[in-house]
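*Asks:* Right, I'll just put the structure down here and ask away after.
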Amino acid sequence: MATERPQPPLVGEERVMLRAFLDHHRATLAMKCEGLSDEDLRRRSMPPSTLSLLGLVRHMAEVERAWFRRTIAGEDVPLVWSPDEDYQVAYDPTGSTRSEAFTAWEAEVAHSRRIEASAASLDVTGHNARWDVDVSLRHVMLHLIHEYARHNGHADLLREGVDGTVGA
């Protein structure tokens, strides 16, 4: 089944455009992982990097949870894979499967969408305990767009290394 990737509007209200760009990048990451086995998804890039497609999906589940649930919604939930607050743990795909990683990531994306949709405005703020600062929902959405865009560049190279597939 092919991932449907929404195209952001060329003109529109700020929140609609931010939501569309974020969903576009979420779908791009999913597309880069389509049709690959668990082994392919765990394949690491060139040494010394341990980056893998599955590690990126796991990392983005942590990022979604940290920014939307913990920061904006103020939920007291641990990271998905690290009880010690070590964000690097998610990058390790050892023993992980597509099912495990995508189930967690998709659940966090659903929470994020619910939190964003229920916020009164982009000016809603939450506290980021890691940085000890208050941030707006606008900042969080822009930060996630940046984070996905950066990691989708990594995903482009990782996918090409697995089977030669290029492009989005």
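*Asks:* Net charge near Glu108: determine it from the other residues with C-beta under 9 Å of the C-beta of Glu108, scoring Lys and Arg +1 and Asp and Glu -1.
*Replies:* Working: positive: Arg65, Arg69; negative: Glu62, Glu64, Glu106.
With Lys, Arg at +1 and Asp, Glu at -1, the neighbours total -1.
*Asks:* To continue, here is another question. Over the chain, with the other protein chains present, what is the accessible area per residue in square angstrom, probe 1.4 angstrom? Walk me through the numbers before you get to the answer.
*Replies:* Details: 8620 Å² over 168 residues.
Per-residue accessible area for the chain comes out at 51 Å².
*Asks:* Further question on the same structure: Compare Ala101, Ala61, Ala117 in a GNM of the chain, Cα atoms joined below 10 Å, and give the one with the largest fluctuation.
*Replies:* Ala117
*Asks:* Pop out the ³J(HN,Hα) list for segment 67-81 in order, Karplus 6.51 cos²θ - 1.76 cosθ + 1.60 with θ = phi - 60°, rounded to Hz; leave Gly and Pro as x.
*Replies:* In residue order, the calculated couplings are 7, 8, 6, 7, 7, 6, 7, x, 6, 8, 10, x, 5, 5, 10 Hz.
*Asks:* Okay, moving on. Viscosity 1.002 mPa s, temperature 20 °C: give me the Stokes-Einstein translational D for the chain in µm²/s, with Rh taken as the Kirkwood radius over C-alpha pairs.
*Replies:* Rounded, D is 130 µm²/s.
*Asks:* Where the accessible area of segment 11-139 is counted over protein heavy atoms with a 1.4 Å probe, how much of it, in %, is carbon and sulfur? Show your work: numbers first, answer last.
*Replies:* Numbers: 3410 of 6260 Å².
Carbon-and-sulfur percentage of accessible area, whole number: 54.
*Asks:* How much of Trp81 can a 1.4 Å solvent probe reach, expressed as accessible area in Å² and rounded to 10?
*Replies:* 50 Å²
*Asks:* Summing +1 for each Lys or Arg and -1 for each Asp or Glu, what net charge is found among the other residues whose Cβ lies under 12 Å from the Cβ of Ser52? Present the calculation step by step, with values, prior to reporting the outcome.
*Replies:* On the way: positive: Lys32, Arg42, Arg43, Arg44, Arg58, Arg98, Arg159; negative: Asp38, Glu39, Asp40, Asp92.
Summing Lys and Arg as +1 and Asp and Glu as -1 gives +3.
*Asks:* Measure nothing fancy, just the Cα-based angle from helix 53-64's long axis to the longest principal axis of the chain, in degrees from 0 to 90, nearest 10.
*Replies:* 10 degrees
*Asks:* Here is a follow-up. Relative to the longest principal axis of the C-alpha atoms of the chain, give the angle of the C-alpha long axis of helix 137-163, reported between 0 and 90° and rounded to the nearest 10°.
*Replies:* 10 degrees
*Asks:* Now for a separate question. Compute the distance in nm between two label points, each set 7 Å from the Cα along the Cα-to-Cβ direction, one at Tyr87 and one at Ala20.
*Replies:* In this crude spin-label approximation the distance works out to 2.9 nm.
*Asks:* Can you work out D for segment 1-99 in µm² s⁻¹ from Stokes-Einstein, where Rh is the Kirkwood radius over C-alpha pairs, the temperature is 25 °C and the viscosity is 0.890 mPa s? Present the calculation step by step, with values, prior to reporting the outcome.
*Replies:* Values: Rh = 15.2 Å.
In µm²/s, the coefficient is 162.
*Asks:* Just add up the charged neighbours of Glu62: K/R +1, D/E -1, any other residue whose Cβ is under 13 Å from the Cβ of Glu62.
*Replies:* Summing Lys/Arg as +1 and Asp/Glu as -1 gives -2.
*Asks:* Per DSSP H run of at least 4 residues, take -39500 (n - 2.57); add these up for the chain, divide by its residues and hand me the 222 nm value, nearest 500 deg cm²/dmol. Intermediate results must be reported in sequence, preceding the final value.
*Replies:* Numbers: 5 runs with 85 residues, N = 168.
Counting only the DSSP helices, I get -17000 deg cm²/dmol.
*Asks:* Related question: Return the sequence-ordered ³J(HN,Hα) values of segment 37-49 in whole Hz as given by the Karplus equation 6.51 cos²θ - 1.76 cosθ + 1.60 applied to θ = phi - 60°, using x for Gly and Pro.
*Replies:* 6, 4, 4, 4, 5, 7, 4, 8, 6, 6, x, x, 5
The values are calculated or read from the model by the stated rules, or taken from the named source; none is laboratory data. From a predicted model like this one, the values you see are computed outputs, not experimental measurements. Heads up, the Cβs are rebuilt from the backbone with ideal geometry, glycines too, and the neighbour counts pull from every protein chain shown. Accessible surface areas use protein heavy atoms only, side chains included; no ligands, DNA or RNA. Shrake-Rupley method; radii C 1.70, N 1.55, O 1.52, S 1.80 Å.
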